[in-house]
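Undergrad: Would you mind keeping the following structure in view while I ask a few things?
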Amino acid sequence: VICSDKTGTLTESRMTVREYYLSDDRTIEVDKDRDRVDGDKLLERAVRIGVLCNEASFNATAVDEARTIGDPTETALLVVADALVLDVAHERSVHPKLAEQPFQTSTRRMTTLHRHIGGGHLAALKGAPSVVLEACATYATEGKEVALMDHDAKTRFIAANERMAGRALRVLALAVKHFDEEPDEASEGALESGYTFLGFVGMIDPPRPGVAEAIRRATLAGIRTCMLTGDQLNTASAIARELGIGANGKPKALHARDLIGADQAQIAELARTTDVFARVSPEDKLRIVEALQASGEVVAVTGDGVNDAPALKRANIGIAMGQRGTEVAKEAADVVLADDNFATIVRAIEGGRTIYANITKFVHLMFSKNLGEVLTIFPAVALGWPLPLLPLQILWINLVTDVFPGMALALEPTAPDVMTHRPRSGRSAFLSRPFLVLIGWQGAMLAAINLAAYAWALSRYGAGAHARTLALLVLVSGQLGHLFNCRSRTRSAFDGLFKNPFVWLAAGTMLGLQLFAVYFSPLARVLDTARPLTLDWLVATLAIVLPIAIVEVTKSLGRRRASALESRRLAS
């Protein structure tokens with residue numbers, strides 16, 4: 001399971017204001033309605049709250065991204081204000097900030113207190129719609145008129161928020177409260193309630209390119225993606241649908257309040273079946289991770305904030321954001337994601353699977369071919385035959401057939417089906433029973449070919465250097481053919497035959513060194529080899545072909561059996 005943040009990981013973290021819903025039940029679409037915003041006093045008041053209740057900085061003389069510094073949500077409010085109706089710098093100069101209650105995940109609101117240079121004071125409030133509406137006693141109508149925030153009005157505003165969130169908009173509510181008294185006479189409690197609701201601002205944070213495809217590939221690989229976000233439920237669900245999270249693109253979403261009072265077993269059951277958790281706090285994230293791990297899942301968690309550190313530390317793989325992550329998050333994590341992109345996580349999984357697969361290919365080749373050598377020498381000795389290989393020849397074989405083929409298999413490209421396999425169990429053994437059986441019968445196959453060729457050489461040439469030379473050639477040739485077998489346990493040796501040039505380079509090096517061993521006289525004397533005849537080279541060529549042919553037949557039968565089992569499974 002990958003428990004991922006939404007903003008900046010699944011999305012671009014590039015917030016853009018799309019629309020305002022005003023408290024007089026009007027909707028202003030930013031891109032379409034620019035020609036009718038001049039003189040709109042209620043819109044101006046709502047936009048002003050977004051400018052004042054804001055920690056981001058704005059430079060009107062700069063261009064593009066250099067204009068703003070700060071949180072993407074807050075910079076979006078400044079950009080749209082400058083584009084629509086307000087001079088950001090002027091508004092901040094005539095409304096100097098006196099005090100601030102910063103945004104916190106526990107309160108889900110931000111409040112600032114300002115003095116107007118013309119007289120009077122105001123408090124600006126922005127935050128989660130439900131929280132802000134609860135703090136409002138009235139709502140603005142035409143001009144500066146207000147109406148009582150009764151049940152019907154609140155129901156209407158809640159429905160408007162749900163419509164906006166259902167279109168994947170991140171929604172913030174905006175409200176204001178005016179004071180006549182001096183700022184120091186306004187108690188902290190007075191900043192908690194009694195506000196006038198002005199409207200909602202809806203922003204879009206578009207999904208990152210390639211993330212939907214990455215989630216699809218992760219799902220095929222048996223890896224579930226679970227979104228943990230502080231956004232409201234409807235917004236998170238809409239983004240999840242757009243990204244294809246959940247079975248058949250229909251995510252099951254849950255509000256964090258549903259976790260209140262639940263024990264670890266209940267949370268584990270919810271975590272296994274839920275695709276989106278909305279309004280989660282850092283504590284909720286930690287509880288979800290622990291519950292998933294308790295149920296046997298291997299969990300990766302993404303995070304960027306200081307409060308994410310416990311979940312990052314607790315996860316099997318903690319992934320901190322490299323661009324927007326805090327140093328605390330990076331220290332707590334196992335991996336730092338340089339580009340903050342979910343698709344990179346999936347590519348890393350693919351890379352990890354490729355590395356593991358190449359290690360198994362290397363082990364497959366080394367164990368089976370060395371077993372083949374052992375099973376060649378011991379039966380020959382047991383049968384009373386002359387020793388088929390001298391000690392120096394065995395050393396030469398291991399030098400020639402270990403180093404270069406092993407390096408070539410380590411550089412095998414990613415198999416096309418690597419992301420279609422289910423994840424391995426953490427309790428599975430590397431040298432599993434089927435793997436050991438595979439190594440055993442293929443080692444025996446190589447030994448049988450070697451012994452058959454040596455028996456033929458003894459009958460034709462008699463005991464001596466010539467027979468041992470043929471045994472040496474056949475043994476190296478058989479291992480050369482087996483090198484291609486070990487590129488995959490299931491796919492044909494001819495599948496993607498030329499995708500790894502290093503295999504051909506290793507094969508050429510093996511053949512070249514073997515020719516060197518029999519035709520270069522000084523080395524031939526050291527290894528006690530004789531010059532092969534044409535017939536000997538034909539036997540050696542047959543030794544290359546036979547292992548490939550035998551293993552190809554078994555792979556074909558295995559693929560047919562797997563296909564039949566899959567057909568029966570789908571039919572049932």
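The values are calculated or read from the model by the stated rules, or taken from the named source; none is laboratory data. Everything numeric in this text was worked out from a predicted model, so none of it was measured. Cβ coordinates were reconstructed from backbone atoms using ideal geometry, including for glycine residues, and neighbour counts include every protein chain displayed. Please note that ligands, DNA and RNA were not included when accessible areas were found on the heavy atoms of the full protein model with its side chains. Shrake-Rupley method; radii C 1.70, N 1.55, O 1.52, S 1.80 Å.
Undergrad: Among the numbered criteria (1) surrounded by fewer than 17 Cβ atoms within 10 Å (Cβ to Cβ); (2) without any contact (Cβ under 8 Å) to a residue 60 or more places away in the chain; (3) not basic (Lys, Arg), which one does Gly222 miss?
TA: Every condition holds for Gly222 apart from (2).
Undergrad: Looking at Lys361, is it in contact with a His (Cβ under 9 Å, 6 or more places away or on another chain), touching a residue at least 12 places away in the same chain (Cβ under 8 Å), open to solvent by less than 40 Å² (accessible area, probe 1.4 Å) and assigned to a helix (DSSP H, G or I)?
TA: no
Undergrad: For the range 410-435, which residues satisfy the criterion of being among the hydrophobic types (A, V, I, L, M, F, W, C), within 23 Å of Thr554 (Cα to Cα) and exposed (fewer than 12 other Cβ atoms within 10 Å of the Cβ)?
TA: Phe430, Leu431
Undergrad: How about the range 49-60: which of its residues are open to solvent by 20 Å² or more (accessible area, probe 1.4 Å) and either among the aromatic types (Phe, Trp, Tyr) or touching a residue at least 24 places away in the same chain (Cβ under 8 Å) (or both)?
TA: Result: Glu55, Phe58, Ala60.
Undergrad: From (1) within 24 Å of Ala448 (Cβ to Cβ); (2) assigned to a helix (DSSP H, G or I); (3) in contact (Cβ under 8 Å) with a residue 40 or more places away in the chain, pick out the condition that doesn't hold for Asp402.
TA: (3)
Undergrad: So which pairs qualify, if the first residue must be in the range 298-324 and farther than 16 Å from Thr344 by Cα, the second must be at pLDDT below 90 and in a strand (DSSP E or B), the Cβ gap must be under 8 Å, and the two must be at least 6 apart or on different chains?
TA: That search, which allows pairs on different chains as well, returns Ala309/Gly303; Ala311/Gly303; Leu312/Gly303.
Undergrad: Can you name every residue in the range 138-156 that is closer than 20 Å to His178 by Cβ and open to solvent by 50 Å² or more (accessible area, probe 1.4 Å)?
TA: Glu142, Lys144, Glu145, Val146, Leu148, listed by residue number.
Undergrad: Another one. Within the range 261-280, which residues are open to solvent by 30 Å² or more (accessible area, probe 1.4 Å) and either assigned to a helix (DSSP H, G or I) or over 19 Å from Ala294 (Cβ atoms) (or both)?
TA: Scanning the range 261-280 gives Gln264, Ala265, Gln266, Glu269, Leu270, Arg272, Thr273, Arg279.
Undergrad: Residues to consider are Val79, Val63; find the one that is out of contact with any strand residue (DSSP E or B) (no Cβ under 8 Å at 6 or more places or on another chain), of a type outside the set (Phe, Trp, Tyr) and open to solvent by 10 Å² or more (accessible area, probe 1.4 Å).
TA: Among Val79, Val63, only Val63 is out of contact with any strand residue (DSSP E or B) (no Cβ under 8 Å at 6 or more places or on another chain), of a type outside the set (Phe, Trp, Tyr) and open to solvent by 10 Å² or more (accessible area, probe 1.4 Å).
Undergrad: May I pose another question? Are any residues in the range 143-174 in a loop (DSSP other than H, G, I, E, B) and out of contact with any Cys (no Cβ under 7 Å at 6 or more places or on another chain), and if so, which ones?
TA: Within the range 143-174, Gly143, Lys144, Glu145, Asp150, Gly166, Arg167, Ala168, Leu169 meet the criteria.
Undergrad: Considering only residues that are part of a loop (DSSP other than H, G, I, E, B) and β-branched (Val, Ile, Thr), look in the range 223-260 and name the one that is nearest to Arg279 (Cα to Cα).
TA: Top of the filtered list is Thr229.
Undergrad: A further question on this structure: Go through the range 312-352 and report how many residues are open to solvent by 50 Å² or more (accessible area, probe 1.4 Å), over 16 Å from Cys3 (Cβ atoms) and of a type in the set (Val, Ile, Thr).
TA: Looking only at that region, the number is 2.
Undergrad: For the range 133-148, enumerate the residues that are touching a strand residue (DSSP E or B) at 6+ places or on another chain (Cβ under 7 Å) and under 26 Å from Gly39 (Cβ atoms).
TA: Answer for the range 133-148, where residues must be touching a strand residue (DSSP E or B) at 6+ places or on another chain (Cβ under 7 Å) and under 26 Å from Gly39 (Cβ atoms): Cys136, Thr138, Tyr139, Ala140, Thr141, Val146, Ala147.
Undergrad: Let me ask something else about it. In the range 281-311, how many residues are closer than 24 Å to Asn341 by Cβ, assigned to a helix (DSSP H, G or I) and open to solvent by less than 30 Å² (accessible area, probe 1.4 Å)?
TA: 8
Undergrad: Still on this model: Do we have Ala46 as of a type in the set (Gly, Ala, Ser), open to solvent by less than 40 Å² (accessible area, probe 1.4 Å) and modelled with pLDDT of 90 or more here?
TA: So Ala46 fits the description; yes.
Undergrad: Only one of these conditions is not met by Phe200: (1) surrounded by fewer than 20 Cβ atoms within 10 Å (Cβ to Cβ); (2) at pLDDT 95 or above. Which number is it?
TA: So Phe200 meets the others, but not (1).
Undergrad: If you take the residues in the range 82-100 that are open to solvent by less than 30 Å² (accessible area, probe 1.4 Å) and assigned to a helix (DSSP H, G or I), which one is farthest from Ala173 (Cα to Cα)?
TA: My answer is Val94.
Undergrad: To continue, here is another question. Quick check on the range 436-449: of everything there that is open to solvent by less than 10 Å² (accessible area, probe 1.4 Å) and touching a Pro at 6+ places or on another chain (Cβ under 9 Å), which residue is farthest from Trp537 (Cα to Cα)?
TA: Per the criteria, the residue is Gln442.
Undergrad: Out of curiosity, is Val474 of a type in the set (A, V, I, L, M, F, W, C) and closer than 19 Å to Met510 by Cα?
TA: The answer is yes for Val474.
Undergrad: Can you tell me which residue is surrounded by the most Cβ atoms within 10 Å (Cβ to Cβ) among those in the range 107-137 that are more than 25 Å from Asp231 (Cα to Cα) and either among the hydrophobic types (A, V, I, L, M, F, W, C) or touching a Phe, Trp or Tyr at 6+ places or on another chain (Cβ under 8 Å) (or both)?
TA: Leu113
Undergrad: Something else: Scan the range 231-290 residue by residue and report those that are β-branched (Val, Ile, Thr) and in contact (Cβ under 8 Å) with a residue 60 or more places away in the chain.
TA: Thr235, Ile239, Ile288, Val289
Undergrad: Moving to a separate point now. Any residue in the range 3-15 that is within 24 Å of Ala238 (Cα to Cα), basic (Lys, Arg) and without any contact (Cβ under 8 Å) to a residue 40 or more places away in the chain?
TA: No - not one qualifying residue is present in the range 3-15.
Undergrad: Okay, next question. List the helices (runs of 4 or more DSSP H) that sit entirely inside the range 457-572 and contain at least 1 residues that are open to solvent by 80 Å² or more (accessible area, probe 1.4 Å).
TA: 501-519, 521-527, 534-571
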